[in-house]
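The block underneath contains the structure these notes are about, expressed in structure tokens.
Values in this text are rule-based calculations from the coordinates and carry no lab data. Treat the numbers as computed from the prediction; the structure is a model and nothing was measured. All Cβ positions, glycine included, derive from the backbone under ideal geometry; neighbour counts span all protein chains shown.
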Amino acid sequence: MVDRNLKQDPQVPIYRRYLPGTQPTRIYDPYKSTSLRNPAQPLIYMPHTRSEITGPVYGHSEITETDSDLTRQHSGEPLGERIIVSGRVLDEGGRPVPNTLIEIWQANSAGRYRHGCDQHPAPLDPNFSGAGRTLTAHDGTYRFVTIKPGAYPWFNHHNAWRPAHIHFSVFGRAFLSRLITQMYFPGDPLFDYDPIFQSVPDERARQRMISSFDLTTTEPQWAVGYRFDIVLRGPEATPFEP
Amino acid sequence: MEHVPTPSSTVGPFLHLGLTEKHSLTEVAPPAVEGRHIVLRCRILDADGAPVNDAMIEIWQADAQGRYRHPDDPRVNECDPRFLGFGRAATDEEGCCEFRTIMPGVVPAPNGTSQAPHISLAIYSRGILLQLYTRIYFAGDPANEQDPVLVLVPKERRSTLMAVADSSHAGRWLFDIRMRGENETVFFDV
């Protein structure tokens, strides 16, 4: 529903709405819990006000060096394939998003989360917590060192397995640019069977969740590099009519 | 080159590991911050009326003078540096979380109009692939009648956006979120 009773505030930057098909379908029947946890009534279209285009500058004082290296958070090294995940955070205009908080969390190499509710009978790794955080640099770049997570089963349907993924949480400039997503690895055979991955209708949009192997960030005799660029909602350079 | 926003995805059931175990933020306004200090208790219920005990709520609000701590707010330099305006917390077994904050002020809107005191809220959980946005207003505030966002909401549904004063705890406000079904909360396309 488009209701234009509330006009766009000329004093606030204009943020574009999502293009059709580029974000997940909120109620996607193959992913069962979506139908219990999303409204039956349509969302009400709200023009952006100062409340939506502002957002927190959060988390800056709490970052330590080992926060972005998940292989160095314990006395020993975690088991599994050491990897480097790096990339840039940009907005829709292609501008870097500097100095913004990125948080990640993930399963260990056996596909097990260090979380009391994870019932998967795979081993925990005493040397791996699976959580990290960092700030983007002035040019929007970031870098994590971690362990490649394993695939793991869930209860959505018979023989359901999640493709290996790392959860990414990014703040960006505004409350409406906030993004929480999952990063996948190239060529995973589980993509076709995963309703969470498939909930994004547009094929090209789905590809944007898949990292790519990156020889330039791969370190000899040390770790394979994967590149994952993230695009956040950002202000338009020119006015836009929805 | 075209830059299209990366698709969102669900936080899943283990969000606490990365987001709230060590980095929840329930004190939105420390005691020294100017304003009317309140406790905001939010509760989430699913389509069956069951508490949602594995969600995360994030809130974002203006200070007592209606200023946001953000460079795009023209009055940002007047803000108290102790007040960030942001909070986040996981819901507990009852589907609840609490924030200690202040009553937000009136926020300027176009053409000399204003928005009633409100708090922006986003919900993340398994089963939610793209965060759900809503707003908390405060029941009984006369400014609600003129609020430019509330007027977009059918009258009979506006009560779903109202926090109500807790008659058993002075200074505490209760906000129930019903994700689906009877008295379903209004969510916004932002």
* May I have the extent of the alpha carbons of the protein assembly as shown along their three principal axes, as whole Å values ordered from largest to smallest? => 66, 44, 43
* Structure fact -> Computed Rg/Rh for the range A:43-113 (Cα atoms; Rh = Kirkwood radius) stands at 1.09
* Structure fact -> Expressed in nanometres to one decimal, the distance between label points 7 Å along Cα→Cβ at B:V76 and A:D29 is 4.7
* Asked: Around B:L84, with a cut-off of 14 angstrom between Cβ atoms, what is the net charge of the other residues, counting Lys and Arg +1 and Asp and Glu -1?
  -> -1
* Could you tell me the largest-minus-smallest coordinate of the C-alpha atoms of the range A:96-175 on each of the three principal axes, in descending order and whole angstroms? => 44, 29, 19
* Taking 7 Å along the Cα-to-C-beta vector as the label spot, tell me the A:W222-A:H158 distance in nanometres, rounded to one decimal. => 4.8
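Provide A:R173, A:R114 in ascending order of the number of other Cβ atoms located within 10 Å of each residue's Cβ, fewest first.
Ascending Cβ contact count within 10 Å gives the list A:R114, A:R173.
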* To do: Could you give the size of the charge dipole of the range B:79-190 about its Cα centre, using +1 on the Cβ of each K and R and -1 on the Cβ of each D and E, expressed in debye and rounded to the nearest 20?
  => 240
* **Dipole of the protein assembly as shown, positive direction: furthest Cα of B:F188, A:V224, B:I177, with charges on the beta-carbon** => B:F188
* Structure fact -> Output for the range B:4-102 (equivalent-ellipsoid semi-axes, sqrt of 5λ from the C-alpha gyration tensor, Å, descending) is 27, 18, 12
* Quick one: order A:H157, B:H23 by neighbouring beta-carbon count within 10 Å, fewest to most. => A:H157, B:H23
* How many percent of Cα pairs in the range B:34-190 exceed 22 Å? -> 41
* **Gaussian network model of chain B, springs between alpha carbon atoms under 10 Å - residue of B:L152, B:L19, B:L161 with greatest fluctuation** => B:L152
* To do: Report, in debye and to the nearest 20, how large the dipole of the range A:124-242 comes out about its Cα centre when Lys and Arg carry +1 and Asp and Glu carry -1 on their Cβ.
  => 300
* Asked: Placing +1 at every Lys and Arg Cβ and -1 at every Asp and Glu Cβ, with all other atoms neutral, what dipole size does the range B:1-124 have around its Cα centre, in debye to the nearest 20?
  -> 400
* Structure fact -> Simple SL model, points at 7 angstrom along Cα→Cβ for A:E203 and B:D48; separation in nm is 3.9
* To do: Using only Cα atoms, locate the centre of the range B:122-146 and the centre of the range B:1-70, then give the distance between them in Å, rounded to an integer.
  => 11
* Top mean-square fluctuation among B:V11, B:V76, B:V52, Gaussian network model of chain B, C-alpha springs under 10 Å? -> B:V76
* Asked: Most fluctuating residue of A:Y142, A:Y58, A:Y15 in a GNM of chain A with Cα springs under 10 Å: which is it?
  -> A:Y58
* Using the Cα atoms as the points, what is the convex hull volume per residue of the range B:46-87 in Å³? -> 114
* Structure fact -> Out of A:V85, A:H48, A:P195 - ranked by how far each Cα lies towards the positive end of the dipole of chain A, with unit charges on the beta-carbon of charged residues - the top one is A:H48
* **Compactness of the range B:102-190, expressed as Rg and Dmax over alpha-carbon positions, Å** => 13.7, 41
* Structure fact -> Least to most buried among A:S177, B:S24, B:S167, A:S61, by other C-beta atoms within 10 Å and fewest first, runs A:S61, B:S167, B:S24, A:S177
* **Set of the range A:159-173 residues, backbone N closer than 16 Å to the point 7 Å along the Cα-Cβ line of A:D69** => none
* Considering the Cα trace of chain A, what is its radius of gyration and what is Dmax, both in angstroms? -> 19.3, 61
* Structure fact -> Heads up, the range A:79-128 by the C-alpha gyration tensor (a ≥ b ≥ c square roots of eigenvalues; a/c under 1.5 rounded, else a/b over b/c prolate, else oblate) looks prolate
